[in-house]
Amino acid sequence: MKNSEILVIDLFAGPGGLGEGISATQTPDGKFPFHIGVSVEKDMFAHKTLTTRAFYRLLKRKSQNLDNYYRYLHGEISREELFEQHPDEAIEAQIETLNGPKELGKDNDLIHDRISTLVKDHQGPKVLIGGPPCQAYSLAGRSRNAGNKNYVAENDTRHFLYKEYLEVISLAKPDVFVMENVRGILSAKVNGQVMFPQILEDLRNPGLVTKQPNIPSYKIYSLVTDAEDPENPQYEDSTNFLIRCEQYGIPQARHRVILLGIREDISSTPEILKSCNDQVTVEEAIGDLPSLRSGLSKQKDNSEDWEDLVSDNANKLQNTLIKQFNADTISRLNLQPKNRLARKERKLSNNALNMPVSLQNWYIDPNLQVVLNHESRGHMADDLLRYAYCAAYAKIKGVSPKSRDFPKELAPAHANWETGTHADRFRVQVANKYATTITSHISKDGHYFVHYDPQQCRSLSVREAARLQTFPDNYIFEGNRTNQYVQVGNAVPPYLAKKIGEIITKIFKENQSPINKLTS
């Protein structure tokens with residue numbers, strides 16, 4: 001790569017959301033200054049997705065001929081045949097992703113050797129990105145740990161994976177780094193002490209932790225709150241590092257901690273993200289995608305039986321809803337199933353595209369002409385009725401119902417249903433609001449991710465979840481459907497990462513680095 005390009009080192013990469021957004025950042029004259037040199041990911045399915053996307057970017061950058069990539073997306077050739085057609089790009093993509101899943105903390109020699117080689121060969125700007133795995137910090141993970149009497153926080157190595165990040169900072173000495181994690185990192189404790197202040201201090205002075213000489217210090221900035229003293233950024237409230245994604249054009253309430261580190265010798269002060277006046281709704285994000293029927297689990301699954309079941313449910317539901325609301329309101333609802341729906345659909349629909357133009361340009365690839373990863377999961381018959389109820393309730397009330405709102409005849413046989421402990425066990429993604437957080441739990445049962453259309457009676461597809469996470473439509477997720485859900489749920493929204501990339505580009509331009517050759 002050219003020294004005028006920005007070398008990107010991507011750690012804990014997942015399926016590549018953060019890297020996708022950064023690498024998609026363009027300069028005013030249309031050039032792409034960021035180039036991913038290495039992506040590290042331990043999960044085999046996310047790694048496969050990561051490699052496919054690395055191949056796509058290399059093919060686009062080198063030849064501009066993506067015909068065979070589209071043939072793969074259309075199902076005309078296999079992934080192996082695609083790579084055979086472009087052996088140079090395939091080899092380079094596999095080198096970029098280290099020829100297989102790798103884990104920081106276990107494969108450090110190989111990972112560090114690759115990074116050392118990249119840094120030695122590249123004299124231009126360098127950026128480190130990534131977020132250490134969040135299970136030890138997440139509120140759900142901490143709740144599970146609290147129920148394990150043998151759990152000892154200080155023995156959980158996941159609490160200290162950020163130190164692997166520090167090792168790479170010391171090795172690469174990047175100009176800028178971006179570290180992402182869940183909100184829970186702000187309050188996670190070890191030995192009774194909140195860890196976050198120490199994490200910040202370690203990131204400011206990585207050499208003190210890694211015990212290596214001549215390691216630069218870093219200034220840590222919030223991306224949403226201006227520092228009172230830009231030369232010595234300090235924030236009284238740790239939530240100043242929390243990005244509420246729905247405020248920045250992402251169609252979901254994803255709240256994540258993102259730290260922007262800038263090497264101490266760089267004088268530029270970063271901008272903060274610009275909030276959006278209009279928040280993007282679920283229907284705007286996914287409303288143009290083809291309708292699907294759900295599958296029927298634990299019984300014969302075909303469209304005729306599904307339509308009969310949903311039609312019977314619609315009649316039951318109409319009577320149930322009339323007891324809760326007035327008959328005139330219910331008469332305006334269409335609860336009858338849409339006919340001849342498939343569980344999997346690749347053809348584009350005729351549904352209107354109502355999302356903001358900026359997102360249309362981001363999502364839509366006019367050359368794609370198919371829908372990827374758009375398949376429903378199976379659901380039990382009783383749950384289909386509850387899904388229809390949730391969607392109908394949301395159409396009437398504008399919110400998802402809590403357990404207390406459910407009629408008794410629709411209540412599931414859960415001992416704690418009426419305790420309020422799982423008040424939103426069934427949660428519809430309301431059409432005219434942004435979504436709740438897309439998490440890896442979507443791979444489990446789909447109850448938290450019910451589609452807003454009562455005529456479809458299902459949870460979201462992988463593609464719909466990917467839209468809410470702002471992955472472009474030509475981004476294919478490898479592995480089976482469960483693997484795909486996990487990847488999407490764990491990712492950083494690429495559209496948000498692109499906005500962060502634009503901030504980083506301006507940092508280099510202001511600092512009179514070689515990037516000026518691309519941005520002037």
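Tabulated data for the structure shown
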quantity	calculated
Search result, residues across region 484-514 that are under 16 Å from GLY378 (Cα atoms) and among the polar types (S, T, N, Q)	GLN484
Odd one out for LEU317 among (1) assigned to a loop (DSSP other than H, G, I, E, B); (2) of a type outside the set (Ser, Thr, Tyr); (3) closer than 21 Å to GLU409 by Cβ	(1)
Tabulated pairs, region 231-254, first closer than 21 Å to ILE266 by Cβ, second in a loop (DSSP other than H, G, I, E, B) and among the aliphatic types (A, V, I, L, M), C-beta under 6 angstrom, 6+ apart or interchain	PRO233/ALA227
Long-range neighbours under 7 Å by Cβ, at least six apart or interchain, first residue without any contact (Cβ under 8 Å) to a residue 12 or more places away in the chain within region 304-318, second part of a helix (DSSP H, G or I) and crowded, with 17+ Cβ neighbours inside 10 Å	none
Members of region 162-185 found to be over 20 Å from the mean Cα position of the chain (by Cα) and either in a loop (DSSP other than H, G, I, E, B) or aliphatic (A, V, I, L, M) (or both), listed by number	LEU166, VAL168, ILE169, LEU171, ALA172, LYS173, PRO174, ASP175, VAL176
Qualifying helices (runs of 4 or more DSSP H) (wholly inside region 448-520; at least 3 residues being modelled with pLDDT under 95)	494-510, 516-519
Whichever residue in region 283-304 is within 22 Å of LEU368 (Cα to Cα) and in contact with a helix residue (DSSP H, G or I) (Cβ under 7 Å, 6 or more places away or on another chain) and, among such residues, is surrounded by the fewest Cβ atoms within 10 Å (Cβ to Cβ)	LEU289
Helices (runs of 4 or more DSSP H) contained entirely in region 14-128, each with at least 3 residues that are assigned by TED's automatic domain parsing to the domain that holds ILE258	17-23, 108-121
Complete set of residues in region 93-113 that are at positive phi and surrounded by fewer than 16 Cβ atoms within 10 Å (Cβ to Cβ)	ASN99, GLY100, GLY105
Region 22-43, subset modelled with pLDDT of 95 or more and hydroxyl-bearing (Ser, Thr, Tyr), residue surrounded by the most Cβ atoms within 10 Å (Cβ to Cβ)	SER39
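Residue by residue, here is whether (1) under 24 Å from LEU260 (Cα atoms); (2) aromatic (Phe, Trp, Tyr); (3) crowded, with 23+ Cβ neighbours inside 10 Å; (4) free of Cβ contacts under 8 Å to residues at least 12 places away in the same chain holds:
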site: ILE6; (1), (2), (3), (4): yes, no, yes, no
site: PRO15; (1), (2), (3), (4): yes, no, yes, no
site: GLU20; (1), (2), (3), (4): yes, no, yes, no
site: PHE45; (1), (2), (3), (4): no, yes, no, no
site: ILE77; (1), (2), (3), (4): no, no, no, yes
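Residues checked against (1) in the same structural domain as ILE503 (by TED's automatic domain parsing); (2) within 15 Å of LEU186 (Cα to Cα); (3) modelled with pLDDT of 95 or more:
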position	(1), (2), (3)
PRO213	yes, no, no
TYR218	yes, no, yes
LEU223	yes, no, yes
PRO233	yes, no, yes
ILE250	yes, no, yes
ILE258	yes, yes, yes
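The values are calculated or read from the model by the stated rules, or taken from the named source; none is laboratory data. Owing to the predicted nature of the structure, the values given are computational and were not obtained by experimental measurement. Every residue, glycine among them, receives a Cβ derived from its backbone with ideal geometry; neighbour counts consider all protein chains shown.
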